[in-house]
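Here is the structure we will look at.
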Amino acid sequence: IVLGSFAAIWSLVTLVPSLTLCVRRLHDIGKSGWWYLVIFIPLVGAIMMIVWFCQDSTADNQWGPNPKY
């Protein structure tokens, strides 16, 4: 019971930071954060997100300068 409660609390605590990291990465490649909702498409959404997260950052975009340089 204690382990289950800890797992539930841990998943809630890490939910917001993981979401913000994913949105930040989407902004780095020039996509809106709303594209994260594509993850809800079974299998295809996860594959698309993996491909997008592996792409190199684009040049300066509407969300700011390239963080790589």
| query | Just checking, how many residues over segment 18-39 are more than 8 Å from the chain's Cα centre (by Cα), farther than 14 Å from GLN62 by Cβ and open to solvent by less than 40 Å² (accessible area, probe 1.4 Å)? | reply | 1
| How many residues are open to solvent by 60 Å² or more (accessible area, probe 1.4 Å) and assigned to a loop (DSSP other than H, G, I, E, B) if we restrict to segment 46-69? | 10
| Among the numbered criteria (1) in contact with an Asp or Glu (Cβ under 9 Å, 6 or more places away or on another chain); (2) open to solvent by 100 Å² or more (accessible area, probe 1.4 Å), which single criterion is violated by LEU43? | (1)
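The values are calculated or read from the model by the stated rules, or taken from the named source; none is laboratory data. The structure presented is a predicted model; accordingly, all values stated were derived computationally and were not measured. Methodologically, a virtual Cβ is constructed for each residue, glycine included, from the backbone with ideal geometry; neighbour enumeration extends over all protein chains shown. Heads up: the accessible areas ignore ligands, DNA and RNA and are worked out on the full protein's heavy atoms, side chains in. Shrake-Rupley method; radii C 1.70, N 1.55, O 1.52, S 1.80 Å.
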